[in-house]
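Have a look at the structure below before the remarks.
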Amino acid sequence: MNKLKIILNGIVRDNPTFVLMLGMCPTLGTTGSALTGMSMGLATMGVLICSNCAISMLKRFVPDQVRIPCYIVVIATFVTVLQMCMQAWLPALDKLLGIFIPLIVVNCILLGRAEAFAARHSVIESVCDGIGIGLGFTLALTLLGAVRELLGTGMIFGFGIYPETYGSLVFVLAPGAFIALGFMVALFNSVKKHP
Amino acid sequence: MTTYLSIIITAIFVNNIVLSQFLGICPFIGVSRRLSSAVGMGAAVAFVMTLSTAVTWLLQYYLLDPLEIGFMQTIVFILVIASLVQMLEMVIKKIAPVLYQALGVFLPLITTNCAVLGVAILVIRGDMDLGQSIVYALSTAVGFTLALALFAGIRQQLELTEGVPRAMRGVPVALVCAGLLALAFMGFSGISI
Amino acid sequence: MSKQSTSLWRMMMALGAVTVIAGAILAWVYSMTSEPIRDAQLRARRDAIAAVSPQFDNSPQPVAITPEGEEVPVELFPLTLGGKPVGAAVETYSDAGFSDRIRLMVGFDSDGKITGYQVLSHSETPGLGAKMDTWFRDPKGNRSVIGRSPASDDMRVSNDGGSVDAITAATITSRAFLDALNRAHSCYISYTNSR
């Protein structure tokens with residue numbers, strides 16, 4: 001299979017957020033600003049690439065009946081490695097993302113891709129899939145974060161676009177997360193159907 | 001006694017796990033088409049969450065901390081939850097087949113429900129003792145069930161509604177409704193106990 | 001029967017091997033990162049003390065002080081300049097906020113006047129709670145607490161009859177902030193009295 005096509009599929013056709021609707025918790029919980037959304041996306045992407053690669057290498061040695069626990073252990077290992085590295089070198093970011101870093105373990109995207117892709121394809125293809133899906137997830141989170149930050153505070157990545165007084169704080173809070181995501185999924189649907 | 005009461009009210013209403021903490025969104029959207037399945041899922045989650053929180057709490061303080069291997073936390077917790085769900089499935093199947101028929105389909109889904117692992121980690125991060133942890137886990141599950149049931153009721157009505165724009169049908173309009181529900185729950189955040 | 005037991009044996013082997021390798025990797029990464037993690041935590045605390053305190057030249061060591069009528073001790077960092085005491089930084093907290101604990105670092109000079117503060121962590125409403133960082137040093141009206149002393153000033157919000165303006169639309173957060181401030185001050189007083 002064409003490697004570029006695998007990556008593109010991950011971003012558009014199989015976009016984990018807008019199409020597959022997977023990994024909703026970090027999607028809603030960490031997109032209060034564009035920066036946190038993007039960091040969460042990149043963190044997930046890092047774990048996804050590593051776990052896809054490792055699982056694709058392991059697939060011949062692991063009996064079918066215990067494959068799910070093995071995948072979970074592999075994913076949890078990479079998540080913990082990421083968590084420790086962030087605590088050591090990016091403590092401010094780790095505090096900002098809080099509990100959502102260890103919760104990458106239960107992000108359905110990781111286990112889903114392990115089952116649906118990495119267990120059936122070569123190492124290189126699995127890494128490409130990790131990059132594609134990871135980029136799709138990162139893009140979606142950054143976009144949602146940017147929209148919420150702009151509507152809520154008038155800023156994107158901390159740069160003021162319009163005065164803060166015109167922003168409506170509700171978009172940074174929990175209700176705005178659901179509403180913004182709802183409209184963005186609708187937009188994605190209508191653009192995809194009528195290009 | 002007041003601490004327990006405040007934990008209960010806070011976990012159910014003020015910091016509702018789904019609507020203000022954003023944990024357990026996948027089942028919130030996936031299993032909320034019918035009211036009956038929403039309640040079933042809630043009951044299964046309550047069972048697993050309470051049990052797994054108690055077990056992981058004990059493991060953290062009597063195994064991980066004495067051995068100073070706190071970095072194994074995530075792996076140990078997720079394995080405990082996964083095997084607990086498996087065991088529970090077998091036990092319920094043997095002992096209470098009727099209950100198994102009602103809850104069986106939801107059990108495998110719970111392993112990847114981030115609310116379960118989330119609560120197990122949150123009680124450790126919040127320095128709660130065993131009693132508080134169990135009460136917190138149980139009331140969080142009640143809050144989860146409440147949100148799920150309310151949302152399922154709304155979605156059942158939504159399906160009968162005509163005139164929803166084509167692009168908004170299904171999940172998008174449900175998400176907007178969830179947003180309004182979250183807005184309503186924000187009203188609880190003024191309560192101080 | 002024997003076939004079944006060999007496959008069970010293989011399953012256990014595979015799962016065990018994966019877990020052991022995962023544990024080994026984690027132990028290695030832990031040994032690599034535990035030093036930087038401790039450094040990062042110490043540096044964060046040192047930076048917070050330096051940001052809130054009057055000029056000092058010692059390396060502040062924590063002293064545990066239990067506020068009157070309470071059980072949980074609070075850490076106080078005595079500061080000296082050229083061997084003479086010039087005040088202290090107190091790592092204080094309040095549970096009176098909306099959700100969870102608010103933690104502050106507050107600096108006092110030798111007269112017990114507040115020299116500065118820094119919000120270490122909080123989980124108040126995003127957007128509103130974050131205003132704590134700037135509001136209470138804003139010279140407008142009676143907002144600022146800098147240079148005032150809880151001994152001579154009534155450090156409560158003006159709604160409660162005090163002399164500090166609360167953050168607009170965030171009275172409870174403001175109350176909690178001042179509660180933490182007063183706790184810090186009473187710790188500082190009992191520390192100076194004990195010497």
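Every number here is computed from the coordinates shown, using simple stated rules; none is lab data. What you see is a predicted model; the values in this text were computed from it and never measured. For neighbour counting, all protein chains shown are included, and Cβ atoms are generated from backbone atoms with ideal geometry for every residue, glycine included.
Calculate one ³J(HN,Hα) per residue across the stretch A:140-147 by plugging θ = phi - 60° into the Karplus curve 6.51 cos²θ - 1.76 cosθ + 1.60, and present them in order as whole Hz with x for glycine and proline.
Taking θ as phi minus 60°, the curve returns 4, 5, 5, 4, 4, x, 5, 4 Hz for the stretch A:140-147.
Taking the Cα centre as origin and putting +1 on Lys and Arg beta-carbons and -1 on Asp and Glu beta-carbons, what dipole magnitude results for the stretch C:62-148, to the nearest 20 debye?
Dipole magnitude for the stretch C:62-148 comes out near 500 debye.
Could you state the angle between the C-alpha long axis of helix B:130-160 and the longest principal axis of the C-alpha atoms of chain B, as a value from 0 to 90 degrees rounded to the nearest 10?
Between helix and principal axis, roughly 20 degrees.
If you scale each eigenvalue of the Cα gyration tensor by 5 and take the root, what three semi-axes come out for the stretch B:25-190, rounded to whole angstrom and sorted largest first?
Equivalent ellipsoid semi-axes, largest first: 32, 20, 13 Å.
Consider a paramagnetic label point 7 Å from the Cα of C:Ala17 along Cα→Cβ; state which residues of the stretch A:32-72 have an amide N under 17 Å from it.
Only A:54-72 pass the distance filter.
List the residues, sorted by chain then number, that are 5 or more residues from A:Met155 or on another chain and whose placed amide H is less than 5 Å from its amide H.
Here A:Leu150, A:Ile161 satisfy the definition.
Once each part is reduced to its C-alpha centroid, what is the distance from the stretch C:1-74 to the stretch B:92-156 in angstrom?
Result: 28 Å between the Cα centres.
Once you place label points 7 Å from the Cα toward the Cβ at A:Gln65 and A:Phe157, how far apart are they in nm?
Rounded to a tenth, the inter-label distance reads 5.3 nm.
Using only Cα atoms and rounding to the nearest 10 degrees, what angle (0 to 90) does helix A:34-58 make with the longest principal axis of chain A?
So the helix axis and the longest Cα principal axis differ by about 10 degrees.
What is the mean number of Cβ atoms from other protein chains located within 10 Å of the Cβ atom of each residue in peptide A:103-113, rounded to a whole number?
4
So what is the calculated 222 nm ellipticity per residue for chain B, using -39500 (n - 2.57) for each DSSP H run with n of 4 or more, over all residues, to the nearest 500 deg cm²/dmol?
Result for chain B, helices only: -22500 deg cm²/dmol.
Just to be sure I understand the curve: with the Debye formula and one point per C-alpha of chain A, what is log10 I(q)/I(0) at q = 0.07, 0.09, 0.12, 0.17 Å⁻¹?
-0.21, -0.35, -0.61, -1.10
Quick one: net charge around C:Gly97, please, counting Lys, Arg +1 and Asp, Glu -1 for every other residue with C-beta under 11 Å from its C-beta.
Result for the neighbourhood of C:Gly97: -1.
In whole angstrom, how far apart do the alpha carbon centroids of the stretch C:112-169 and the stretch B:6-21 sit?
The stretch C:112-169 and the stretch B:6-21 have Cα centres spaced 28 Å from each other.
In debye, nearest 20: dipole of the stretch C:110-190 around its Cα centre with unit charges on the Cβ of K, R (+) and D, E (-)?
That gives a dipole near 100 debye.
Could you give the size of the charge dipole of the protein assembly as shown about its Cα centre, using +1 on the Cβ of each K and R and -1 on the Cβ of each D and E, expressed in debye and rounded to the nearest 20?
Value, rounded to 20: 1980 debye.
Rounded to two decimals, what ratio of Rg to Rh does the stretch C:1-81 give with C-alpha atoms and a Kirkwood Rh?
Checking Rg against Rh, the ratio lands at 1.42.
Which whole-Hz ³J(HN,Hα) couplings does the stretch A:87-96 yield from phi under the Karplus relation 6.51 cos²θ - 1.76 cosθ + 1.60, θ = phi - 60°, glycine and proline marked x?
Along the stretch A:87-96, the couplings run 4, 7, 10, 10, x, 5, 5, 4, 5, 5 Hz.
What FRET efficiency comes out for A:Ser168 versus A:Ala92 if R0 is 30 angstrom and r is the Cβ-Cβ distance? Round to the nearest 0.05.
It comes to 0.65.
Averaged across B:111-120, how many Cβ atoms of other chains sit within 10 Å of each residue's Cβ atom?
Values: counts 5, 9, 3, 14, 3, 1, 6, 7, 1, 1.
Taking the mean over all residues of the peptide, I get 5.
Between B:Ala43 and C:Ala51, how high is the FRET efficiency from 1/(1 + (r/R0)^6) when r is the Cβ-Cβ distance and R₀ = 56 Å? Nearest 0.05. Walk me through the numbers before you get to the answer.
Details: r = 50 Å, r/R0 = 0.90.
Calculated transfer efficiency: 0.65.
Per residue and in Å³, how big is the convex hull formed by the alpha-carbon atoms of the stretch C:53-194?
110
Just going by the charge dipole of the stretch A:3-147, with Lys and Arg at +1 and Asp and Glu at -1 on Cβ, which of A:Thr138, A:Phe61, A:Val74 is farthest out on the positive end?
Farthest towards the positive pole: A:Phe61.
Quick one: which residues, 5 or more positions from C:Leu79 or on another chain, have an amide H under 5 Å from its amide H? H modelled 1.01 Å from N in the peptide plane, none for Pro or chain starts.
Residues meeting the criterion, in which the H sits 1.01 Å from N, are C:Val86, C:Gly87, C:Ala88, C:Ala89.
Within the stretch B:12-99, report the trypsin sites (Lys or Arg not before Pro) that DSSP leaves as loop and that have at most 16 other Cβ atoms within 10 Å.
The qualifying sites are B:Arg33, B:Arg34.
If we count other beta carbons within 10 Å of each Cβ, what is the order of B:Arg166, B:Arg155, fewest first?
The order, fewest Cβ neighbours first, is B:Arg166, B:Arg155.
Compute the angle between helix C:2-52 and the longest alpha-carbon principal axis of chain C, please, reported from 0 to 90 degrees and rounded to the nearest 10.
Roughly 20 degrees between the two axes.
Given N residues in the protein assembly as shown, what is its alpha carbon radius of gyration divided by 2.2 N^0.38 Å?
1.03
I need the calculated FRET efficiency for the pair B:Leu67 and A:Glu115, taking r as the beta carbon distance and R₀ as 45 Å, to the nearest 0.05.
The value I calculate is 0.85.
Given a cut-off of 28 Å, name the pairs among A:Lys95/C:Lys131; A:Lys5/A:Lys59; C:Lys84/C:Lys113; A:Lys5/A:Lys192; A:Lys5/A:Lys95; A:Lys3/A:Lys95 whose C-alpha atoms lie farther apart than that in the structure shown. Numbers along the way, then the final one.
On the way: A:Lys95/C:Lys131 18 Å; A:Lys5/A:Lys59 23 Å; C:Lys84/C:Lys113 17 Å; A:Lys5/A:Lys192 18 Å; A:Lys5/A:Lys95 36 Å; A:Lys3/A:Lys95 36 Å.
In this structure, A:Lys5/A:Lys95; A:Lys3/A:Lys95 exceed 28 Å between Cα atoms.
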